[in-house]
Structures are given as C-alpha cells and as structure tokens.
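Chemist: Handing you this structure, nothing more for now.
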Amino acid sequence: MTFRVKAVQKTSPDSPFEIAEITRRDPRPDDVVIEIKAAGICHSDIHTIRNEWGEAHFPLTVGHEIAGVVTEVGSEATDFAIGERVGVGCMVNSCGECEQCRNNQEQDCLNGAVGTYNSTDVDGSITQGGYSQKVVVNKNFVCRIPEGIELDQAAPLLCAGITTYAPIDRWGVGEGDTVAVLGLGGLGHMAVQIAAAKGAKVTVLSRSLRKEEQARELGAERTLATTEEGFFEQHRGEFDFILNTISADIDVDAYLGLLKPHGVMVVVGLPPSQQPLHFGSVVGGAKVLAGSNIGGIQQTQEMLDFCAAHGIGARIEKVSVHEVDAAYERVVAGEVQFRCVIDTASFEN
Ligand code: NAP
Ligand code: ZN
C-alpha cells in the first residue's frame, strides 16, 4: 500500500541533512503521482525545520515548491496525463466543503488545509515535502506548468510566486502605482517581476545596494539601501503599496511612515518573534496594514499562466541534494540570487 523514495531529511533541528528513504502512499483514485525534478528552498522550510515557528515533527522532509512530471494517475484523476509537467505548492489537501474552500481559498480552509510537509494528513500521517524523488498528491492540489517555463524556474513560483501575486492582485496594484518591495530574496524577486509586469513603478528596499543591477534586470526602477543614514525621513510618504517579504524583525512603524496617506502595506514575511506597532502609524494617514498567506489553487494556476505569458520565471541557483545545509546558510545570509532549487537528479550521484 506504500512505496519508498529517497528524500533529504533532518532527524532534529540541529542535525545536518541526510539522505534517507521515506514512505509515500500508493495512489488513491483521486491522486496523482509526481516524479519531482526540482524543489525550491523557501525560507519557510528553514523557519520550520529549525523549530523557529514551534516544534516540528521529526524526522522531517520539507519543501513546498515542487515541479515535476506525472508518472501515474488514479482512476478519478485522468484529467492529468502521464508525462504532463505539473507543480505542487504549500498545500496538498483541504476539506473542500467549507465556505473558504468553496470560494477557492483553500489556504484558509476552516477545517485546516493540509500543508505539504509537517502537517497531519487526512489519514493521520505527517506529510513529507518536496526534497524527494516522488510525491503523491490529491489532484485538486496539482497545478499545470505552462509551456515556456523550465521546471526548475517554475518550482519557486509554487510558493514565492503565488505568495507575492495574491496580494498584488487583491489590492489592485497596477499601472503607475509606486510600489516598494522590502527584501530582495526569493519572494522579493518574484514580487518585483510581477508588480513590474502589472505596470507599477517598483523600488527595491534592500539592506545594501549590492543587488541593484539584478533588481533593475528584474524590472525595478531603483534600489534604495534602508541602512543609509536618514533613509526613513528622506523617503517618507513615497509609496502607494509596500510588500514586506523580510524574514527577520523590522521596525514596522518606520516602514509605515514610507506609505502615502491611504497607502497599503502587506506583510508576507514571517519572522519568529512579535513585531511591535504603534496604532498612530496607521491612524495618521488612514493607512492599511494587511497580511497575506500564499493563495488558492485556482489563483496559483492563474499566476503560473500570467508568469508564462509575461516571460517571468524564478532566477535560480541549482544545488544538489548533498548541498542543502550550505544552501540554507547562504539563504539566511541573504546571498542567494534569488532562489536555490534542488536538482533531484543528484539523488543518483
Ligand atoms: P529569503 O529568500 O531569505 O529573502 C528574505 C529577504 O529578507 C532577504 O533576501 C533580505 O533581503 C531580507 N532580510 C533578511 N534578513 C534581514 C534582516 N535581518 N534585516 C532586513 N532584511 C533582511 O526568504 P523568502 O523565501 O523570500 O521568504 C521571506 C519570508 O516570507 C520568510 O519569513 C518566509 O517564511 C515568509 N513566507 C511567507 C509566505 C506567506 O504565505 N505569507 C510564503 C512564503 C514565505 P536583502 O538582502 O535585499 O536585504
Ligand atoms: Zn514557501
């Protein structure tokens, strides 16, 4: 009833990654079996497996930016063809019946969506993520990767892409809007491309100017270093919309000061600690401080199609399954340009 595949796992937050065999279920009628070709390394994988968001279930394989090809379909999943290029993001199931699921917002399922890893599945097992050779997923949580995007450049879209596309879409960011993207990492570099494709005037707010040239190539008009003396006074009230992708603590009040009156700041970065806020920072100027959590499956497909139509993909650095520890250090140091993607062919090396 199950089969074994190779995976990259940790047995505790402090142990190094190791190659192990994990169990996948045999496909149910509504399942799709996917041979994983590429798996992006999201900062959420790091927060989770280092117990920064609470105690994870070990041994654990993370990874929720999955791209691959279909190798098997259940009897009720025949709308997917063997050999088809597909992707899986942060969720692998939800109740399908609550108001949120019926509204295509499975990520907010009132009965709790099943995360791709470290989550209790419908059969009680703990889900294991994409740093592995194969995954078995309910067909309703599988997206199609359009022609024109390579699988390794598509993988990061399944989390970083949808997480930035959804708030840009919800808040109607478009032509002529002045947009600031905070942090030029995996999410940030997708936000720049998507907001620029929507016609916004994008500024990257980074800790330094060292990624300035790359930011311009991605579509940003300018890059500003937030660490420069007097930065927050100098750029007060400049932006209609700010998307915060920073994985660490920020001075929320200072960033809200960069918004125009009635401006909107959306938080997607999820540092482990609480972030203090003075109400005065949103009351003055009637500003909006909002959050956003990935996006529904229908919108994930829409985002993939949008990216294909606009020639948008992730800029990636390929890593082997033996290099994941080192890749994590580089992500945390902000050195990656802009997403590490595990090449699963390296399981054979
Ligand atoms: P990432 O690739 O590590 O990028 C984060 C960026 O934040 C870095 O590139 C860096 O930008 C900036 N940064 C890091 N440390 C900083 C510090 N101490 N001070 C100021 N800036 C700092 O991470 P990611 O994969 O894009 O994920 C970003 C965050 O979003 C994580 O917390 C992740 O868990 C969260 N996330 C949320 C959702 C959601 O649905 N809401 C989905 C996915 C991920 P510069 O080098 O340009 O300064
Ligand atoms: Zn993610």
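Chemist: Which value in deg cm²/dmol, rounded to the nearest 500, describes the helix-derived mean residue ellipticity at 222 nm for the chain, given -39,500 (n - 2.57) per DSSP H run of n ≥ 4 and division by the residue count?
Modeler: Value at 222 nm, helices only, nearest 500: -6000 deg cm²/dmol.
Chemist: Given an 8 Å cut-off on Cα distances and at least 6 residues of separation, report the relative contact order of the range 228-348 as a percent.
Modeler: So the answer I get is 18 percent.
Chemist: Further, regarding this structure: Over 18 Å between Cα atoms: which of Lys37/Lys318; Lys10/Lys37; Lys37/Lys134; Lys198/Lys287 fall into that group?
Modeler: Flagged as over cut-off: Lys10/Lys37; Lys198/Lys287.
Chemist: Where in the range 1-97 are there trypsin sites (Lys or Arg not before Pro) that are in a DSSP coil and have at most 15 other Cβ atoms within 10 angstrom of their Cβ?
Modeler: When the trypsin sites (Lys or Arg not before Pro) of the range 1-97 are filtered for loop state and at most 15 Cβ neighbours within 10 Å, Arg50 remain.
Chemist: Around Ile162, under 11 Å between beta carbons, what's the net of Lys plus Arg minus Asp minus Glu among the other residues?
Modeler: Value of the local net charge: -3.
Chemist: If you restrict to DSSP beta bridges whose two residues both lie in the chain, what percentage is antiparallel, to the nearest 5?
Modeler: Looking only at bridges with both residues in the chain, the antiparallel portion is about 55 percent.
Chemist: Give the distance, in whole Å, between the Cα centre of the range 131-156 and the Cα centre of the range 262-293.
Modeler: Value for the Cα centre distance between the two parts: 33 Å.
Chemist: How would Phe338, Phe279 line up by accessible area, probe 1.4 Å, largest first?
Modeler: Phe279, Phe338
Chemist: Less than 11 Å Cβ to Cβ from Ala314, Lys/Arg counted +1 and Asp/Glu -1: what total charge do the surrounding residues give?
Modeler: Value of the local net charge: -2.
Chemist: Separate question: Give me the accessible area per residue for the chain, probe 1.4 Å, as a whole number in Å².
Modeler: Value for the chain: 42 Å² per residue.
Chemist: Follow-up. What is the sum of charges, Lys and Arg at +1 and Asp and Glu at -1, for the other residues whose Cβ falls under 15 Å from the Cβ of Glu76?
Modeler: Neighbourhood net charge equals -3.
The values are calculated or read from the model by the stated rules, or taken from the named source; none is laboratory data. All values reported here derive from a predicted model rather than from experimental measurement. Cβ sites come from the backbone with ideal geometry, for glycine too, and all protein chains shown count toward neighbours. For the accessible areas, the whole protein counts, side chains as well, though only heavy atoms, and no ligand, DNA or RNA atoms are used. Shrake-Rupley method; radii C 1.70, N 1.55, O 1.52, S 1.80 Å.
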